[in-house]
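Just so you know, all these numbers are worked out from the coordinates, no wet-lab data involved. Not measured: the values here are computed from a predicted model. All Cβ positions, glycine included, derive from the backbone under ideal geometry; neighbour counts span all protein chains shown.
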Amino acid sequence: MTANLKHLLGKAQKALADKNFTSAGALFEEAANAQPDAHQAWVGLGEVALGIEQLDTAATFFHHAAKLQPQNPYYRQKLGDALGKLGQPEASLEQLAVAHKLAPKDLAIQCSLAGAYARANHWKPARILLEEVVRRPKALAAHYCLLGLACQQLGELGASLKAFKKATALEPRYPDAWLSLGHLYVARQELDNATACLKKLRALSPDAASTLDLAGELAWARGDTNEAATFYRQAAESAPKDRNIHAKLAVTLVMSGKALAAIDAMDNAHALGVPEDWILEQLGTLFAIKYWTPMARENLEMAVERNPNNLSAWNTLLMVYAKTGESEKVRRAADSILEKEPDNVFALMNLATWYNDQGRHTEALAALDRVRTLNPDQRGAYSKALWAMVSASSVRAAEILKLAQTFDERIFRSQYRGNTFATHDRTPDRRLKIGWVSSDMRHHPVAAFVLPFLEHTDHKQLETFIYYNFSEKDATTHRLEACADQWRDVSGIGDDGLADLIEGDEIDILIDLNGFTDGSRSDVFARKPAPIQITWLGFPGTSGLSAMDYIFVPPDPVLEKPGWSSETPWPLPDCYGARSNISDTAIAPGLPCVRTQQPFTFACFNHFRKVSEATIELWSRILVRCPQARLILVAIGGRDDKTIRYFSSQFERHGVNPAQLEFRGYVAKHKYYENYNEVDLGLDPFPFNGGTTSYDSIWMGVPFVTWPGEHLSARMGKTILENVGLHELVAQSAEDYVNIAVALVHDLERLERLRANLRERMLASPLLDGARMARSLEGAFREMWQHWCAVKAQEAA
């Protein structure tokens, strides 16, 4: 390099540093003209082009510099970064991968490559690279933020939370760290924690578009779309070229019913480059959350049609198909995702749900095992596996307990607060504060078992607190509200906030009515905000939580023994639950097979996911021995030809004539009850017995055969039958189950005696006696409380 060129480049660099882009550009151009192979001049021209936001030109100059110096990793890096900003993720990756290969230890290049992976949605290699970056001494909060984002995109929310918290600890005044942590807390529905992050962010950069964006997201999560739209509008004014903010504004305006404003916002977002598939995906997701399923499906189908590589839209569409019973579409959607990303945990979990819905429990559990191998902290892989396990005939109670306790160990146990309740009033006979936590205090099967006893609760003995974890209410909700002494709407409150609220209410006994169902607040129970905690109704099995004290069970010697649950089983005196009156549908007189001159009809109206391999084998044996009989079954996707063929094939391999089988999809409630008038005898699946459906069956005058197993969900049928005097339909073995059913086909007079006055017997039984259940619960709560007080008194002595 000549002295004159060196001087010229020096002057150009100084002008660039002073952001005098016109002077710098002229000087770099003069240097390039003087010596066309002066790569420093071409890089300088690229930097000037970046400074004046001419990305295309910048990329051209960087490309020329890299061509002149192909082994220079920093030129490759600059070119890769420019291509990434131009929206060319694959070309960007290509250049940055070369840069990384040339300088594998360079921190800036590693970060650029990780960012490129992120822009290309290749989150797994991004995470691997960033884990290497943060192990280095000079790792910054920004690096931990990007690592947290990668983990979040991979569904590794625990690792993501850890990374974001590390970022805030490293640089407490770094706004992006609080922003990332706040968005994660919103995703985790920990809205109190998200609010705390927003407070920090407002102190650091109150008017920043990113701060207003988080405020909008938080308002949206709390269900206030009007307030969310206000924040997003302010953010859009602050950052008029931020396409994502304009997209969020559009979606919140749609949800607020402001159609014209929403159309304008969508036009703005689209003009800024927001892909149409993203907007459609967001709309589809929100409609799915609101249970507006047809609108959700329509928008999501349009999203994946416009961009077949939108895996997030595919995953949400997959769940919508599952809800609508479009079984084959579920499988095709899962295959579309896994073809592109074989380790996509969300697709694997949704595929497991599809397997489970078809009674393919072994395959469902294998998919979920794979998810836990890929991500041992993926909550859904545990909860979904527990549901599959209680249905699977090949799984023992001890295995279910082991997985539930592993779930607790990995996810929940560390959240325990260690509260000794030292200041809690320990008077044994005082009025007790009972807290009920549920998202199902609405038209839902759980509410049908809660309302009867709450309407008969002795308010002199118990003060009822209901913590309602759902955003919408209906007529059932209002009836339940009237039963409560204190009603708390908590769907927008985070786990810490809800635990604080329960502690502040000084609840004595807290009951989890969700378990591992939608709306679960297991994290709150893990914190142990009440002296005594009980699980009941939601998930029909052990929670595995070390912070859970008791599990309610029906009176049953098998369930009263330890070994199948982490909690202490507490038997209720009569039954597992008392239900409200069910339907006014009349019972048609006589046996259906006699009245209609149709074949003898068996039926199971439970979801097909309860129909295990062993259940199919025994039902097949019954049908083979009764070739004139038929069996009606209900399955999600029951009207889908391919699904029907699959279900039928499972029976045919045991020798059943397919003409004996009838598969039905879901029907309206009144039609569902009328269907019982076609049924002579019900067949209870195992090991996951019918619950609500079995109550319906007895109410409609249809007895059923059951074979009890070794855990809670496997012994529901026994209790129900015994409460209406049908002990003889409780089988003692597989052979007994088959023989009982076959014998009744050939002894219609006996079957008529068993069916006689069945509704009246149910009305007179504890199964529908809400007042009796209320007394049972009051007695259980009092006994539990007095025991706790006695233990604490002994500890203090």
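Considering the zone a paramagnetic label at residue 4 would reach in this model (a point 7 Å from Cα along the Cα-to-Cβ line), which residues of the stretch 37-60 have amide N under 19 Å from it? Residues passing the 19 Å test: 37-42.
Any idea which of 390, 677, 773 is furthest toward the positive side of the dipole for the chain, if Lys and Arg beta-carbons carry +1 and Asp and Glu beta-carbons -1? Farthest towards the positive pole: 390. Spin-label model, residue 169 to residue 289: label points 7 Å out along the Cα-to-beta-carbon direction sit 3.1 nm apart.
By how many degrees, between 0 and 90 and to the nearest 10, does the Cα long axis of helix 21-34 differ from the longest principal axis of the chain? So the helix axis and the longest Cα principal axis differ by about 60 degrees.
Rounded, prolate or oblate: pick one for the stretch 340-467, where a ≥ b ≥ c are the square roots of the eigenvalues of its C-alpha gyration tensor, a/c under 1.5 means rounded, and failing that, prolate if a/b is larger than b/c, else oblate. It comes out prolate by the Cα gyration axes.
Taking the C-alpha atoms only, the angle from helix 209-221 to the longest principal axis of the chain is near 10 degrees.
Axis angle, to the nearest 10 degrees, between helix 107-119 and the longest C-alpha principal axis of the chain: 50 degrees.
Charge dipole of the stretch 1-123 (Cα centre as origin; +1 on each Lys and Arg Cβ, -1 on each Asp and Glu Cβ, all else neutral): 300 debye, rounded to the nearest 20. Using a simple spin-label model with pseudo-atoms 7 Å out from Cα toward Cβ, residue 710 and residue 413 lie 2.4 nm apart. Report summary: the helix-based calculation at 222 nm, which adds -39500 (n - 2.57) for every DSSP H run with n ≥ 4 and divides by the residues of the chain, gives -18000 deg cm²/dmol.
Each label was represented as a point 7 Å from its Cα along the Cα-to-Cβ direction; for residue 654 and residue 29 these points are 8.4 nm apart.
Just to confirm my numbers, what's the Cα centroid distance between the stretch 44-116 and the stretch 729-797 in Å? First find each Cα centre; the distance between them is then 71 Å. With contacts taken as Cα pairs under 8 Å and at least 6 residues apart, the stretch 450-584 reaches a relative contact order of 18 percent.
In sequence order, the stretch 539-554 has phi-based couplings of 9, x, x, 5, 7, x, 6, 5, 8, 9, 8, 10, 10, 6, 9, x Hz under the Karplus curve 6.51 cos²θ - 1.76 cosθ + 1.60, θ = phi - 60°, and Gly or Pro positions carry x. Taking the average, over residues, of other Cβ atoms within 10 Å as the packing measure, peptides 575-585, 767-777, 700-710, 419-429 rank 700-710, 767-777, 575-585, 419-429 from highest down.
For the stretch 73-80, 3J(HN,Hα) computed residue by residue from phi via the Karplus equation (6.51, -1.76, 1.60; θ = phi - 60°) reads x, 6, 5, 4, 4, 4, 5, x Hz, glycine and proline entered as x.
When the chain is described by a simple charge dipole with +1 on each Lys and Arg Cβ and -1 on each Asp and Glu Cβ, the residue from 423, 514, 8 located farthest towards its positive end is 8. About its Cα centre, the dipole of the chain is roughly 1260 debye, where the only charges are +1 on Lys and Arg Cβ and -1 on Asp and Glu Cβ. With the Cα gyration tensor of the stretch 607-681 giving a ≥ b ≥ c as the square roots of its eigenvalues, does the rule (a/c under 1.5 for rounded; else a/b larger than b/c for prolate; else oblate) give rounded, prolate or oblate? Verdict is oblate for the stretch 607-681. With θ taken as phi - 60° and the Karplus curve 6.51 cos²θ - 1.76 cosθ + 1.60 applied, the whole-hertz 3J(HN,Hα) list for the stretch 355-365 is 4, 5, 4, 9, x, 8, 5, 4, 5, 4, 5 Hz, x standing for glycine and proline. Considering only 161, 407, 596, the residue lying farthest towards the positive end of the dipole of the chain is 161, judged by Cα position with unit charges set on Cβ.
Excluding same-chain neighbours fewer than eight residues apart, the lysines reachable from residue 162 by a Cα-Cα span under 25 Å are 105, 124, 138, 199, 200, 384, 528.
Here the gap between residue 739 and residue 420, fully extended at 0.36 nm per residue and compared with their Cα-Cα distance, gives a gain of 109.3 nm.
About its Cα centre, the dipole of the stretch 46-192 is roughly 460 debye, where the only charges are +1 on Lys and Arg Cβ and -1 on Asp and Glu Cβ. Residues whose amide H comes within less than 5 Å of that of residue 436, counting only those at least five positions distant or on another chain, are 465, 466, 467, 511 (H built at 1.01 Å from N in the peptide plane). With a ≥ b ≥ c taken as the square roots of the eigenvalues of the C-alpha gyration tensor of the stretch 585-720, please select rounded if a/c is under 1.5 and otherwise prolate if a/b is larger than b/c or oblate if it is not? Judged from the Cα gyration tensor, the stretch 585-720 comes out rounded (a/c under 1.5). The slack between residue 584 and residue 363, meaning 0.36 nm per residue of separation minus the straight C-alpha distance, is 75.5 nm.
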